[in-house]
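S.K.: The structure under discussion is supplied below as structure tokens; questions concerning it will follow.
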Amino acid sequence: MTLLYRSTRGKADNALTASAAILQGLSPDGGLYVPTEKPQLDLNLNDLPGLTYQQVAFNVLSAFLTDFNAEELKACVNAAYDDKFDDAAIAPVSHHGKDFYLELFHGPTIAFKDLALSILPHLMTTAAKKQHFDKQIVILTATSGDTGKAAMAGFADVADTQIIVFYPKQGVSAIQKQQMITQPGANTHVVAIDGNFDQAQTNVKEIFNDDAFKQEIAAKGYQFSSANSINIGRLVPQVAYYFYAYGQLIKQNAIKAGDKINFTVPTGNFGDILAGYYAKELGLPINRLICASNQNNVLTDFFETGYYDRVRPFFTTTSPSMDILVSSNLERLIFRAVGSDATQTSAYMHELESAGHYQVKPETLAFLKETFSAGSATGDADAQAIASVFKEDGFAIDPHTAVAKAVADQYRDATGDDTPMVIVSTASPYKFPNAVLSAIEGHDESADGLDAIAQLKDTINVPLPPTIQKLFDAPVRHNLAVNANEMKEAISKILKIG
Ligand SMILES: *Cc1c(COP(=O)(O)O)cnc(C)c1O
């Protein structure tokens, strides 16, 4: 049986195969692709502790991407989860205090997006072959720092792909800039722009919709695509680490197969926690999924009241990957919660776009509350979590993980629920050295960049991840800089068009 994918805003009879959905990215009606039926996972919980990360990932991908054969999926998994990761377990689980930490920061950019972006390029090129696609895929991305680098690390030297990343010259940290301009790979291209992230993002969207330009590049054998987090090819690989974490807990004698566990997930675009929901639907014994937000707590309010309201102040916090007011992947959960009603989902999303808010029905909210809890870390709760976890357990966590830890503690205090808790740990402390140092030392730390990394190393005594170690010796490979209104010309130049 082939599992098909449909749009959350369109008719079920327009469903596509997984490979077609991965190549499409976003559905033409603006909706996101979701499976039309429950995937069938062929995995026994008792076997989980004996499986490698690659084996678990293979099983999960086989359930979702049924038009890929076993050989193709194995090749994708092995190309993605190799020694690019600095821990052979890929996603190890550590135990500190009352909590388990699922460490998703052992990849090339020391943050969780590596788990999906290291495999997406291979899924895309395999999908392109299956669909007899005769063009090179050109990935276009505007980045505020992290996604662009993680996407380049994934796409570097993958055959028949090019990746072009635009970043705002003044808008990224010293470390992020260094990571990008030293990116290896003959098919990677980095362009600094004079302008801010929003301009870069708007111009990329315009280029995606520019039919004349698309025809021009098609004549040269290229087609644009996107690696952003609404692609089903990014979501599905993330389901794997929920199963893998469960196996690790059995292996560590923390639970027996069949026992329930909780996950607290630091949430931005809702991709990570949605993958947890898919894992639960596939049969993983998850008691509760706890959605953790920072001061931008639109999701906390939503899970409390059923009212999603993006019209509110936007805060810039120390956990920038969660500074989001519109969580795109929530649409996939809403679609499930309204009984796969695309008309209703579409109406909510249009209301969100035009008026900035929508209210779900009481029964929809009740459905969500069966599985989800939510909370936010405000004030300096995240800094306090960094300081206390380090003091009590000698374990350094990054500000995103700290938001989750603070919310997990609030949840336990409020409910008394003592189900084993896994905190999804999405970045290495070395990714945010200044914030982590400030929290541990209890005062604002002025050191930044390499200095902050060196000081943090002295403080927490954790070896530097190899990618960081190499960073400041690596040669600069990219120095193209243009105005925000010259991005199209930059693309033409890179692809040698015209
Ligand atoms: C992207 C990101 C998140 C948020 O994940 P979503 O899937 O967008 O909810 C959390 N932490 C870090 C470090 C991230 O990079």
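The values are calculated or read from the model by the stated rules, or taken from the named source; none is laboratory data. Quantities reported herein were computed from a predicted structural model and do not represent experimental measurements. Quick reminder, even Gly has a Cβ in these numbers, built from the backbone with ideal geometry, and neighbours come from all protein chains shown. Note: accessible area is taken over every heavy atom of the protein model, side chains too, but ligands, DNA and RNA are not part of it. Shrake-Rupley method; radii C 1.70, N 1.55, O 1.52, S 1.80 Å.
S.K.: Could you identify the single residue in 130, 135 that is at pLDDT below 95, of a type in the set (Lys, Arg), more than 23 Å from residue 78 (Cα to Cα) and open to solvent by 20 Å² or more (accessible area, probe 1.4 Å)?
M.R.: Exactly one residue qualifies, and that residue is 135.
S.K.: Among the listed residues 417, 458, identify the single one that is closer than 24 Å to residue 103 by Cα and part of a helix (DSSP H, G or I).
M.R.: The match here is 458.
S.K.: For residues that are more than 10 Å from the ligand (Cβ to nearest atom) and of a type in the set (S, T, N, Q), tally how many sit in region 263-293.
M.R.: Residues in region 263-293 being more than 10 Å from the ligand (Cβ to nearest atom) and of a type in the set (S, T, N, Q): 2 in total.
S.K.: For region 4-27, name all the residues that are of a type outside the set (S, T, N, Q), outside any helix (DSSP H, G or I) and within 17 Å of residue 336 (Cα to Cα).
M.R.: Within region 4-27, the first condition is being of a type outside the set (S, T, N, Q), and the residues that meet it are 4-6, 9-13, 15-16, 18, 20-23, 25-26.
Narrowing further to those that are outside any helix (DSSP H, G or I): 4-6, 9-11, 15-16, 25-26.
Scanning region 4-27 gives 4, 5, 6, 9, 10, 11, 15.
S.K.: Any residue in region 87-97 that is of a type outside the set (Gly, Ala, Ser) and farther than 27 Å from residue 152 by Cα?
M.R.: Yes: region 87-97 contains one or more residues that are of a type outside the set (Gly, Ala, Ser) and farther than 27 Å from residue 152 by Cα.
S.K.: Just to verify a result, which residue in region 140-160, among those that are under 16 Å from residue 108 (Cβ atoms) and among the small types (Gly, Ala, Ser), is nearest to the ligand (Cβ to nearest atom)?
M.R.: 150
S.K.: Hey, does region 464-479 have a residue that's within 25 Å of the chain's Cα centre (by Cα), of a type in the set (Ser, Thr, Tyr) and assigned to a helix (DSSP H, G or I)?
M.R.: Yes, there is a match, as at least one residue in region 464-479 is within 25 Å of the chain's Cα centre (by Cα), of a type in the set (Ser, Thr, Tyr) and assigned to a helix (DSSP H, G or I).
S.K.: Right, another one. Return the residues of region 267-316 that are under 18 Å from the mean Cα position of the chain (by Cα) and either among the β-branched types (Val, Ile, Thr) or farther than 14 Å from residue 329 by Cα (or both); say none if nothing qualifies.
M.R.: Hits for region 267-316 are 267, 273, 279, 289, 290, 292, 293, 294, 296.
S.K.: Could I ask something else about it? Give the number of residues within region 39-77 that are among the aromatic types (Phe, Trp, Tyr), open to solvent by less than 20 Å² (accessible area, probe 1.4 Å) and under 16 Å from residue 241 (Cα atoms).
M.R.: Residues meeting the conditions: 2.
S.K.: Would you say residue 238 is under 15 Å from residue 91 (Cβ atoms) and of a type in the set (S, T, N, Q)?
M.R.: Yes, satisfied.
S.K.: Mind checking whether some residue in region 86-102 is within 25 Å of residue 228 (Cβ to Cβ), open to solvent by 10 Å² or more (accessible area, probe 1.4 Å) and not in a helix (DSSP H, G or I)?
M.R.: No.
S.K.: Same structure again: Return yes when residue 408 is open to solvent by less than 40 Å² (accessible area, probe 1.4 Å), in a helix (DSSP H, G or I) and either within 16 Å of the ligand (Cβ to nearest atom) or of a type outside the set (Phe, Trp, Tyr) (or both) and no when it is not.
M.R.: Answer is yes for this residue.
S.K.: Check residue 129 against each of (1) of a type outside the set (Asp, Glu); (2) under 27 Å from residue 171 (Cβ atoms); (3) more than 14 Å from the chain's Cα centre (by Cα) and name the one condition it does not meet.
M.R.: So residue 129 meets the others, but not (2).
S.K.: Just the residues that are away from the ligand (no atom under 15 Å from the Cβ) and either outside any helix (DSSP H, G or I) or open to solvent by less than 20 Å² (accessible area, probe 1.4 Å) (or both), please, taken from region 376-405. Talk me through it step by step, then tell me what you get.
M.R.: From region 376-405, those away from the ligand (no atom under 15 Å from the Cβ) are 378-381, 383-384, 387-395; that's our starting set.
378, 379, 380, 389, 394, 395, listed by residue number.
S.K.: Tally the residues that are touching a residue at least 40 places away in the same chain (Cβ under 8 Å) and either crowded, with 17+ Cβ neighbours inside 10 Å or touching a helix residue (DSSP H, G or I) at 6+ places or on another chain (Cβ under 8 Å) (or both), restricting the search to region 360-375.
M.R.: 10
Okay, residues lined up against (1) outside the structural domain of residue 322 (by the TED database); (2) in a loop (DSSP other than H, G, I, E, B); (3) over 22 Å from residue 220 (Cβ atoms):
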{"residue": "116", "(1), (2), (3)": "yes, no, yes"}
{"residue": "128", "(1), (2), (3)": "yes, no, no"}
{"residue": "153", "(1), (2), (3)": "yes, no, yes"}
{"residue": "158", "(1), (2), (3)": "yes, yes, no"}
{"residue": "165", "(1), (2), (3)": "yes, no, no"}
{"residue": "170", "(1), (2), (3)": "yes, yes, yes"}
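S.K.: With the structure loaded, tell me whether residue 119 is under 17 Å from residue 248 (Cβ atoms), under 17 Å from the mean Cα position of the chain (by Cα) and open to solvent by less than 20 Å² (accessible area, probe 1.4 Å) or whether it fails that test.
M.R.: Against the criterion (under 17 Å from residue 248 (Cβ atoms), under 17 Å from the mean Cα position of the chain (by Cα) and open to solvent by less than 20 Å² (accessible area, probe 1.4 Å)), residue 119 does not qualify.
S.K.: For region 103-114, enumerate the residues that are under 14 Å from residue 466 (Cα atoms) and assigned to a loop (DSSP other than H, G, I, E, B). Give the steps one after another, and end with the answer.
M.R.: Initial filter on region 103-114 (under 14 Å from residue 466 (Cα atoms)): 105-111.
Passing the criteria: 105, 106, 107, 108, 109, 110.
S.K.: Is it true that some residue in region 28-38 is in contact with a Phe, Trp or Tyr (Cβ under 7 Å, 6 or more places away or on another chain), part of a loop (DSSP other than H, G, I, E, B) and open to solvent by less than 40 Å² (accessible area, probe 1.4 Å)?
M.R.: Checked region 28-38: no residue is in contact with a Phe, Trp or Tyr (Cβ under 7 Å, 6 or more places away or on another chain), part of a loop (DSSP other than H, G, I, E, B) and open to solvent by less than 40 Å² (accessible area, probe 1.4 Å).
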